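Nothing in this text is a laboratory measurement; each read-out follows from the coordinates by a stated rule. Predicted, not measured: the structure shown is a model, and the values here were computed from it. Backbone-built Cβ (ideal geometry, glycine too); neighbour counts: all protein chains shown.
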Amino acid sequence: MKLFGSILLFVVFLHELNAQTNKTHQLSGKIIDNTGDVVSYAAIAAFKTSDSSYVSGAASDMNGNYSLKLTNGNYYIKVSFLSFENKIIPNVKIENKDIKLPPIKLVPSSLKIEEFEFVDEKKIMEIDLDKKVFNIDKDITSQGSNAAEILNNVPSVSVDVDGNVSLRGSGNVRILINGKPSGLTGTNTADAIRQLQGSQIEKIEVISNPSARYDAEGEVGIINIVLKKDNRQGINGSVNVDFGYPSFLGGGFNLSYKKKNITVFTGLGSNYRESVGVSNFKQTFTYPDTSFKYVNKTDRLRAEQNNNFRLGTEIYLNEKNSFTLSGSGNLGTGYNTVDVDYTDYNEQLKPVQLVTRNEYEDKDLNSYDLAFNYRKTFEQKDRLLTFDAQYSSNTDNEKSIIVQNNSVDMNDNTYSSVFNNEGSKNILLQTDYIHPFENKGKLEMGFRGNYKSIDDDYAVSTLNKTTGQFEIYPGFKNLMYYYENISAAYIMYGQKINKFSYQIGLRTEHSNVSTKFVATNETNNRNYTNLFPSTHLSYQIKGENAIQFSYSKRIKRPHHWSLLPFYGISDIRNTFFGNPKLNPEYTDALELGYMNYFKKGSLLSSVYYRYSTGVTEHILISSGTGTTSRIPINLGYRNSYGIEFSGSYQLFKWWDLRGDLNFYRAITDGNYLGVSYFSDTYSWSNKLTSKWNIKKLVGIQSSFDFNAPQKTTQGEDYARYGLNLGVSVDVLKGNGTINFNINDVFNSRRRRGTSYGENFYSESDFQWNSRSFRISFTYRINQTKKQAERNNRNNSFDEGGGGGM
């Protein structure tokens, strides 16, 4: 027993001796320039005095402060930053205590900032194992565009002619702004991303297989839109003016002012645009005793005026505590016109009547967000505590008049009034904590509460020709209340052991969702709790090259508009209805990727697999009277797997290529009301961007995208493709840039396809936003183009602290 005690004491002694030998102490200080202003993002490196070997490094924060962890010994410190002379601090001794050095003053270099070549200049696309980052200011064809048009340029992402966003061929994707749901995307996502101007956006992040830190919502992942922010001293920013054809006029500014520990940032963007759409639709009905056909031709005009604004302040209370208060919103108005012509044919395919339907709609679209973020760092490096609170509101009010005329049957002539007023409110509460360990491990945990309420009031009235009064159309008046309260908590642990890294996590979400229809007194309450595990494994092979495996479980909850019985009657013969009984869809996602960096570029190769149950499918049903309705249902299951390549390559110093190629197969199977629905499709998509730089003043860019045909459970969607071209010229000694771009050069972006079902066959051809031309001018305040690029590498408008979404 005594021997055991002696051995135990000896082991404890050795452990304490080893701990003392390897114990680290903090070396800290501040970096300033020759005027006394702080220098942010300067590089600080510690080297051993004995052999000049590198030991540790860090970058100064926004207040010029830095800290390094060093063991006992003799060191010299090297401080460097672009446009300043390097500074060497010799004879720094660490002897069993923390040391704070006097402020280190950097002296400006005799070279001008323009004479430096930024070898790490930010690229259009940055690729990592867990996400892709698309930098907007480097993409010429994105200038003067809205968020929907920009997303269509992002690798792996597609936006159809209706503005619906998909990732790797699936539309079940989560869209966030600054890492959080926004009032802007509170109701109709397709409408919302058209309202957000590209001049407000810094970058777009695509996360294909998120960890437990992120919301489980979104079958195929998350798209995060990050807005601009500048943290440099003084006044900085940019002003832009845009105009184009078809009718487009816009402008705005982004400004920031930083004085010591306080930053104030603001932005404003306003634009007016008109979009023209045209569709052709042929539908044939075949019944036992008769058959007939009609052709539908529709002309659309959509005009929108949107005014985006934001204002906020970031205050550093001290070196380790800061908070941010911000507000953003949009005030929008618009009108839509829809002119539909139905030509009816008999069994001999002779026209028998013409029915016209003309709609004029007014819209008000308003939204705003109010956000608070608190951020606390600690003496221990990478230890972080954050708290976020956000309140969002959105209103979408629509009122329209629809006039229908029949060339044969006067009784079919109608005059209808429609209104649909929708409002949403959302409260977000979130906290995240990160605790690192000396064994290169890291524990993360957090809580998130997202509490949403929506009211949707609608009615359709028809003019009674006898009384001259509007009367409610039977079944087309109701008020829906929708409540979605989701409380979530997560915990993750990760560690790096030599070349191997792992991260395991578990997220639990409790969902309390209820709908109530006042007119029909229908209620639907649902409470369910789910566990969402995630695993990420990575092995570094050579240099930065690495292979990674990831798994996550995802959920897709029905959007409220998929539950709403009424959606719109612009095209009375082809309507959409929601399904109040729609259930969530669940997905298990696996991905294996290899990240390969080489001298002039990088390539990410990924294979992925998704298995989904309770799949939401929109099916087309014939009424038997010459009309069809599309409704969402929980069909069955879907198996999806594919291989994707994303990469970039610099052919020459003046010529860069980037691209994305995705091959996939999707098998969908299920039944509804005794009818079987099945599809087995092989498809692929790709995007290729080529950029040429001429004497660092002129940039030329082309972007081509292609989506191959794919089968659906009721037909086929045909191929889609398009080409964008852009030219940029730097003027005013690098302070200004003029951009000219052409969107859809060949006027080829259109949605075409066929659908079939019991007793009907349909052919459709639809196009929004035909070929357009745009010119934009950007002027940078207190920064040249190169300085702006360097600043954007170091800053982002991520108000969330721990990164949880």
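When both segment 67-95 and segment 485-523 are represented by their alpha-carbon centers, they are found 45 Å apart. For segment 259-365, trypsin sites (Lys or Arg not before Pro) are listed when DSSP marks them as loop and at most 15 other Cβ atoms sit within 10 Å of their Cβ; the list is Lys260, Lys320.
A cut-off of 5 Å between modelled amide H atoms, ignoring neighbours fewer than 5 places along the same chain, links Leu563 with Asn579.
Given R₀ = 56 Å, FRET efficiency for Ile491-Thr625 by Cβ-Cβ distance, to 0.05? The computed FRET efficiency comes out at 0.50.
Sequence-distant contacts, meaning Cα pairs under 8 Å at least 6 residues apart, place the relative contact order of segment 355-492 at 21 percent.
Sequence-ordered 3J(HN,Hα) estimates for segment 694-701 from the Karplus curve with 6.51, -1.76 and 1.60 and θ = phi - 60° stand at 10, 6, 6, 10, 10, x, 10, 9 Hz, glycine and proline given as x.
As a calculated quantity, the FRET efficiency between Tyr257 and Lys581 at R0 = 56 Å, using C-beta atoms, amounts to about 0.55. Here r is the Cβ-Cβ distance between Asn397 and Leu688 and R0 is 45 Å; the resulting FRET efficiency, rounded to 0.05, is 0.60.
At full extension, Trp655 and Val264 could sit 136.9 nm farther apart than now, given 0.36 nm per residue minus the alpha carbon distance.
Under 19 Å from a label point set 7 Å out along the Cα-to-Cβ vector of Thr343, the amide N atoms of segment 406-442 belong to 406-409. Between Leu537 and Leu311, the modelled labels are 5.3 nm apart [label points 7 Å from Cα along Cα→Cβ].
The listed peptides 322-331, 497-506, ordered by packing as a protection proxy, come out as 322-331, 497-506 (highest mean of other Cβ atoms within 10 Å first). Around the amide H of Ser772, modelled in the peptide plane, lie the amide H atoms of Asn743, all under 5 Å away and 5 or more residues distant in sequence or on another chain. Taken as Cα centroids, segment 678-752 and segment 281-325 sit 20 Å apart, rounded to the nearest whole angstrom. Scoring 575-581, 33-39 by mean Cβ neighbours within 10 Å over their residues and listing the highest first yields 575-581, 33-39. Averaging Cα coordinates gives a centre for segment 23-51 and one for segment 372-395; these two points are 27 Å apart.
Amide H to amide H, with H built 1.01 Å from N, Gln353 comes under 5 Å of Asp344, counting only residues 5 or more places away or on other chains.
For segment 247-256, 3J(HN,Hα) computed residue by residue from phi via the Karplus equation (6.51, -1.76, 1.60; θ = phi - 60°) reads 2, 8, 8, x, x, x, 8, 10, 10, 9 Hz, glycine and proline entered as x. The distance between label points at Tyr272 and Met410 comes to 4.2 nm (points 7 Å beyond Cα on the Cα→Cβ vector). The peptide list 711-720, 610-619, put in order of mean Cβ contacts within 10 Å with the highest first, becomes 610-619, 711-720. Available extension along the chain between Glu716 and Ile547 is 57.2 nm, counting 0.36 nm per residue and deducting the alpha carbon span. Applying the Karplus relation 6.51 cos²θ - 1.76 cosθ + 1.60 with θ = phi - 60° to segment 304-312 yields 3J(HN,Hα) values of 9, 10, 10, 10, 8, 8, 7, 8, x Hz, where x marks Gly and Pro. Among the listed pairs Lys87/Lys381; Lys87/Lys440; Lys282/Lys691; Lys293/Lys465; Lys105/Lys376, which have their C-alpha atoms separated by more than 32 angstrom in this model? Distance filter (> 32 Å) returns Lys282/Lys691.
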